[in-house]
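This report refers to the structure that appears directly beneath it.
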Amino acid sequence: MADQPKTAEPGRARLSPRKKQQVSRVIQYVVLAAALVALVLYADWGSLAQNFAKVDVARETLPDLFTVALRNTIIYAVGGFVFAFLLGLLLALMRLSQVGPYRWISLVYIEIFRGLPALLIFLMITFLPLALPGFAVPGGTYGQGILGLGLVGAAYQAEVFRAGLQAVPKGQTEAARSLGMSATRAQVTVVIPQAIRMVIPPTTNQFVSLLKDSSLVLFLGVSGEYVELAKFGNDLASQYANATPIMVAGVTYLIVTIPLGYLASRLEGRKGRTR
Amino acid sequence: MTHAIELRDLHKHFGRNEVLRGIDMTVDPGQVVCVIGPSGSGKSTLLRCVNLLERPTRGKVFVEGVEVTDPDVDIDAVRRRIGMVFQQFNLFPHMTSLQNVMIAQQRVLKRGRREAEVIARENLDKVGVGSKCDVPPSQLSGGQQQRVAIARALAMSPDLMLFDEPTSALDPELVGDVLTVMRKLAEEGMTMLVVTHEMGFAREVADRVVFMDGGVIVEDGVPAQVIGDPQHERTRVFLHRVLHPEG
């Protein structure tokens, strides 16, 4: 820019870079201020507060918000996570297997369950008893929710594990094998523990994502003692014809998810330093 | 007498790339043999064929009279008797030094915890890193890591040891500590096959020096001959470059 040939309008001083930056910044603040003014002037604050933040409705969510809804969200999320963790590890090992069919099965599973909306999986689970008469998912409603979350989560977790397993240097396996360990023993003793350490940060993110997906349990037609945060908020919102319970449920999610997100990035940072 | 290691007409191809083109050599029990040669000459591959980290394309490998290239042989059992030391150490980073030296004793030799720990400490002391037992490898210098790796191999009470350029990844001032440990091992009568660029070590410690180039053995003899009075032009050129890097 600086060495652009000065042809047109030789008399007019062009803006210096510093001046340009100042102008740009002023414009940005003006736009922001205008948006805020419009928001304050045109939003109906009274109605918003009435519908989304009504204190007496919020009070009605207690204590079930924590004792039932959050508790169930955590049961679905942790249960689904354990399922996804174990199945994901198995799928990742299959994906890296010497045996062709294992690789293909794993690949097909991962592609299908990552490619489908999680909601669709939940809807299918509700139809399982129709497809398999006499079959019931063990654990009832909890079992169904955990199954749905686990099946979907496993596909993502498998890719996380695969990356972790592949990131363990080949020399580690060679050292283990040269000490006389079998291939399986080397994997279990040397490779998998290192892979798991490496994937802790992305796995934490997976858990957060699974916790949010637990809201899909709503579509299993759960009720009563099985409701989790989203269903709980939705039910009370209908009951009071007021959105406050949904806001309360949302805030409750954030209380859990934001700290976990920070935890994940701190773990990521620590890994960056030691490696 | 059975040879500790015998290689017969060993060939190794990586795709089109012929890395070993017919190697015949032996190492006798108690011998120290150093393999030297330019990079890409196939010396590391030769070493890795002995414990089948690389599977030869053709030819046979015998360790203590057992043909390890036989598909029916229990390779894990053979590897237990062969210690290996790598250029990059390859210590297990999720374990302390002590655990590194204990784990294979426990999992492979099925030694009890107590016994494994006693043997591990003995070997760590022997290589001069006995004070670093509870430290993870990441907190050790390269020289210390390599000595822990040697202790890890020794703790398995191997009959022979393979060294794959054990000092090439070390800062120059740390090379001596590792070579001292290796020299001590040689004096104790350990059978050793060593790929190295340390000509001083090869000259003083080796019983035989093997010069490789282009996937074949060019010269094989006592150090005084191969290093002191090489018969082949290629050996002379290589040695001149190593001993006088700036011409």
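The values are calculated or read from the model by the stated rules, or taken from the named source; none is laboratory data. No experiment lies behind these values; they were computed from the predicted model shown. Positions of Cβ are generated from backbone atoms using ideal geometry, with glycine treated the same way; all protein chains shown enter the neighbour counts. Please note that ligands, DNA and RNA were not included when accessible areas were found on the heavy atoms of the full protein model with its side chains. Shrake-Rupley method; radii C 1.70, N 1.55, O 1.52, S 1.80 Å.
Keeping the other protein chains in place, figure out the carbon and sulfur percent of the accessible area of the protein assembly as shown, with a 1.4 Å probe.
The computed percentage sits at 57.
Roughly how large is the B-A contact in terms of buried accessible area, totalled over both chains, probe 1.4 Å, nearest 100 Å²?
Roughly 1700 Å².
Testing the spin-label approximation: label points 7 Å from Cα along Cα→Cβ at B:Glu204 and B:Gln225. State their distance in nm.
2.4
Please compute P(r) over all alpha-carbon pairs of region B:8-112, binned at 5 Å starting from zero, and give each bin as a whole-number percent.
2, 10, 18, 20, 19, 15, 10, 5, 1, 0
Give the accessible surface of region B:87-131 per residue, rounded to a whole number of Å², with probe radius 1.4 Å and ligands, DNA and RNA excluded.
48
Counting only heavy atoms of protein chains, what accessible area per residue, in Å², does chain A have with a probe of 1.4 Å?
Ligands and nucleic acids excluded, the result is 59 Å² per residue.
Would chain A count as rounded, prolate or oblate if I go by the C-alpha gyration tensor, calling it rounded below 1.5 in a/c and otherwise prolate when a/b exceeds b/c, oblate otherwise?
Oblate.
What are the ³J(HN,Hα) couplings of region B:4-13, residue after residue, when phi is run through the Karplus curve with 6.51, -1.76, 1.60 and θ = phi - 60°? Round to Hz, x for glycine and proline.
Once θ is set to phi - 60°, the couplings for region B:4-13 become 5, 9, 9, 10, 10, 6, 7, 10, 9, 10 Hz.
Would you please give the residues with an amide H less than 5 Å from that of B:Gly83, counting only those at least 5 places away or on a separate chain, with H modeled from the backbone geometry?
B:Asp159, B:Leu160, B:Met161, B:Leu162
Using 18 Å as the cut-off for backbone N distance, which residues of region B:129-158 belong to the label zone defined by a point 7 Å from the Cα of B:Asp74 along Cα→Cβ?
What the label zone holds, given the 18 Å backbone N cut-off, is B:156-158.
Excluding residues fewer than 8 places away in the same chain, name every one of the lysines whose C-alpha is closer than 28 Å to that of B:Lys132.
Those lysines meeting the cut-off are A:Lys170, A:Lys271, B:Lys110, B:Lys184.
Restricting to DSSP loop positions (anything but H, G, I, E, B) with no more than 11 other Cβ atoms inside 10 Å of their own Cβ, which chymotrypsin sites (Phe, Trp or Tyr not before Pro) remain in region A:61-135?
Sites meeting the loop and neighbour criteria: A:Phe135.
Taking a ≥ b ≥ c as the square roots of the Cα gyration tensor eigenvalues, with a/c under 1.5 meaning rounded and otherwise prolate when a/b beats b/c, else oblate, which class fits region A:116-275?
It comes out oblate by the Cα gyration axes.
Residues of region B:57-79 with accessible area at least 30 Å² lower in the all-protein-chain context than alone (1.4 Å probe)?
SASA drop of 30 Å² or more in region B:57-79: B:Asp76, B:Arg79.
Of the options A:Leu149, A:Ala195, A:Leu107, report the single residue whose Cα projects farthest towards the positive end of the charge dipole of region A:72-195 (beta-carbon charges: Lys, Arg +1; Asp, Glu -1).
Result: A:Ala195.
Based on DSSP loop calls and a cut-off of at most 16 other Cβ atoms within 10 Å, the longest stretch of chain B free of exposed GluC sites (Glu not before Pro) is what?
B:1-187
Averaged per residue, what accessible surface does region B:34-85 expose to a 1.4 Å probe, in Å²?
Heavy-atom SASA per residue in region B:34-85 reads 36 Å².
Can you give the FRET efficiency to the nearest 0.05 for A:Arg266 and B:Arg113, using r as the Cβ-Cβ distance and R₀ = 30 Å?
Efficiency for this residue pair is about 0.30.
Taking amide H positions as placed 1.01 Å from N in the peptide plane, with prolines and chain starts having none, which residues 5 or more places from B:Val35, or on another chain, fall under 5 Å of its amide H?
B:Val194, B:Val195, B:Thr196, B:Val210
P(r) for chain B: what percent of alpha-carbon pairs falls in each 10 Å bin, starting at zero?
Histogram of Cα-Cα distances, whole percents per bin: 8, 31, 35, 21, 5, 0.
Where the convex hull is taken over the Cα atoms of region A:39-143, what is its projected area averaged over directions, in nm²?
The directionally averaged projection comes out at 11.9 nm².
Which of the lysines could a cross-linker bridge to A:Lys54, judged by Cα under 25 Å and excluding same-chain residues fewer than eight apart?
Cross-link targets: A:Lys212, A:Lys231.
Using θ = phi - 60° and the Karplus form 6.51 cos²θ - 1.76 cosθ + 1.60, what ³J(HN,Hα) does each residue of region A:64-78 get, whole Hz, x for Gly and Pro?
For region A:64-78, the Karplus curve yields 4, 3, 8, 6, 10, 5, 5, 4, 5, 3, 5, 4, 4, 5, 5 Hz.
Between A:Ala43 and A:Leu119, what is the FRET efficiency for a Förster distance of 30 Å, r being their Cβ-Cβ separation, to the nearest 0.05?
0.40
Through the Karplus equation 6.51 cos²θ - 1.76 cosθ + 1.60, θ set to phi - 60°, convert the phi angles of region A:190-202 into ³J(HN,Hα) values in whole Hz; use x for Gly and Pro.
10, 7, 4, x, 5, 4, 5, 4, 5, 9, 4, x, x
In region B:151-187, whose amide N lies under 20 Å from the spot 7 Å out along Cα-to-Cβ of B:Val66? List them in ranges.
Under 20 Å, as judged by backbone N against the label point of B:Val66, lie B:153-163 of region B:151-187.
Quick check: convex hull of the Cα atoms in region B:134-247, volume per residue, rounded to a whole Å³?
Convex hull volume per residue, Cα atoms: 129 Å³.
Using only alpha carbon positions, build the gyration tensor of region A:104-181, then give the equivalent ellipsoid semi-axes as the square roots of 5 times its eigenvalues, largest first, whole angstrom.
Value: 36, 15, 11 Å, ordered largest first.
Would you mind listing how long the protein assembly as shown runs along its three principal axes, going by Cα atoms, in whole Å with the largest first?
Reported extents, whole Å, longest axis first: 99, 89, 48.
How high is the FRET efficiency between B:His244 and B:Arg21 when r is their beta carbon distance and R₀ equals 25 Å, given to the nearest 0.05?
0.30
How big is the dipole moment of chain B about its Cα centre under a simple scheme where the beta carbon of each Lys and Arg is +1, that of each Asp and Glu is -1, and everything else is neutral? Debye, nearest 20, please.
Value, rounded to 20: 660 debye.
Taking amide H positions as placed 1.01 Å from N in the peptide plane, with prolines and chain starts having none, which residues 5 or more places from B:Asp213, or on another chain, fall under 5 Å of its amide H?
The list, which skips near neighbours in sequence, is B:Val218.
Under 23 Å Cα to Cα from A:Lys19, which lysines show up? Leave out anything in the same chain fewer than 8 places away.
Candidates past the 8-residue exclusion: A:Lys6.
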